[in-house]
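Enquirer: Next up is a structure, given as structure tokens.
The values are calculated or read from the model by the stated rules, or taken from the named source; none is laboratory data. Here the structure is a predicted model, which is why all the values come from computation and not from measurement. Heads up, the Cβs are rebuilt from the backbone with ideal geometry, glycines too, and the neighbour counts pull from every protein chain shown.
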Amino acid sequence: MTVESERTVTRAQRQAQTRERLVEVARELFLADGYNATSLDKVAVAAGFSKGAVYSNFSGKEELCMAVLDTIHEEQISGVVAAFTVDADLDGRIDAFASWAREKLGHPRWTALEVEFAAVARQSPWVATELVKRHRMLVAASADLIERVMADAGLALGMEARKAATALLSLGIGLGAMRSLDGELDVDVFAETMRALLRGSTSA
């Protein structure tokens, strides 16, 4: 490796570290204060960088917030996948998912951020396009997970996996939004609806 290539790697590593730090700090501020109340100046100062460093990594606040939401979604998806891959039968996996939902579904701060950011899509075609793209990817990934879970259980789903994924995601999003307002909302209905849907399937 040449000296120049070593410098290039170092610059790339530094930029990756800067980007990671900006996302980390922006996440804290967006969750604490909301999207509208958080400026790029505030993020830069809190992260210990200039505003120019922010623009070197992100086109603006919309892209930065999207990166923050991506990290949150990755964490939540990992939790759901972990629940449905535990060493248990179908009911045991749904029970594991129910435990995840009780703890994570409708967390007030990140749910409020998602709702606030979704409103930005009315004025930003880029945000609208990116949110739709991510939702479609989530539906596809959820459908794939449902198919694998059903195959493990030796059951055949009574409807298309994509439609089941769309229905369950819609229920989860709705419950999450309401639970962020009403902390006493019983979210077990999510897992029980899932159980009824999957358990109502026929043997493969």
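Enquirer: Scan segment 28-62 for residues that are touching a residue at least 40 places away in the same chain (Cβ under 8 Å) and surrounded by fewer than 14 Cβ atoms within 10 Å (Cβ to Cβ) and jot them down.
Expert: Selection gives Ala32, Asn36, Ser56.
Enquirer: Tell me, yes or no, whether segment 120-135 has at least one residue that is outside the structural domain of Ala26 (by TED's automatic domain parsing), in contact with a Cys (Cβ under 9 Å, 6 or more places away or on another chain) and part of a helix (DSSP H, G or I).
Expert: Yes, segment 120-135 has at least one match.
Enquirer: Across segment 80-92, what is the number of residues that are without any contact (Cβ under 8 Å) to a residue 60 or more places away in the chain, surrounded by fewer than 17 Cβ atoms within 10 Å (Cβ to Cβ) and either in contact with a Ser or Thr (Cβ under 8 Å, 6 or more places away or on another chain) or assigned to a helix (DSSP H, G or I) (or both)? Before you say what the answer is, go through the steps one by one.
Expert: If we filter segment 80-92 for residues that are without any contact (Cβ under 8 Å) to a residue 60 or more places away in the chain, which is where we start, we get 82-83, 85-88, 92.
Restricting the remaining residues to those that are surrounded by fewer than 17 Cβ atoms within 10 Å (Cβ to Cβ) gives 82, 85-88, 92.
Going one step further and asking which of them are either in contact with a Ser or Thr (Cβ under 8 Å, 6 or more places away or on another chain) or assigned to a helix (DSSP H, G or I) (or both), we end up with 82, 92.
The qualifying residues number 2.
Enquirer: Follow-up. Only one residue in Ala196, Ala112, Ala153, Ala141 is at pLDDT below 95, under 15 Å from the mean Cα position of the chain (by Cα) and within 25 Å of Ser99 (Cβ to Cβ). Which one?
Expert: Exactly one residue qualifies, and that residue is Ala112.
Enquirer: With respect to Val189, determine if the residue is touching a helix residue (DSSP H, G or I) at 6+ places or on another chain (Cβ under 9 Å) and surrounded by fewer than 18 Cβ atoms within 10 Å (Cβ to Cβ).
Expert: yes
Enquirer: Residue under question is Gly174, and the condition is that it be without any contact (Cβ under 8 Å) to a residue 12 or more places away in the chain and not aliphatic (A, V, I, L, M); does it hold?
Expert: It is true that Gly174 is without any contact (Cβ under 8 Å) to a residue 12 or more places away in the chain and not aliphatic (A, V, I, L, M).
Enquirer: Go through segment 93-117 and report how many residues are without any contact (Cβ under 8 Å) to a residue 24 or more places away in the chain and either outside the structural domain of Gly174 (by TED's automatic domain parsing) or aromatic (Phe, Trp, Tyr) (or both).
Expert: 1
Enquirer: Another question, if that's okay. Give the number of residues within segment 148-196 that are assigned to a helix (DSSP H, G or I) and over 19 Å from Thr85 (Cβ atoms). Working first, answer last.
Expert: Just the residues of segment 148-196 that are assigned to a helix (DSSP H, G or I), to begin with: 148-153, 161-181, 188-196.
When the remaining residues are screened for being over 19 Å from Thr85 (Cβ atoms), the result is 162-163, 166-167, 170-171, 173-181, 188-189, 192-193, 196.
Going through segment 148-196 one residue at a time, the tally reaches 20.
Enquirer: Hey, another quick one. I'd like to check something: does segment 135-145 contain any residue that is surrounded by fewer than 17 Cβ atoms within 10 Å (Cβ to Cβ) and among the β-branched types (Val, Ile, Thr)?
Expert: Within segment 135-145, not a single residue is surrounded by fewer than 17 Cβ atoms within 10 Å (Cβ to Cβ) and among the β-branched types (Val, Ile, Thr).
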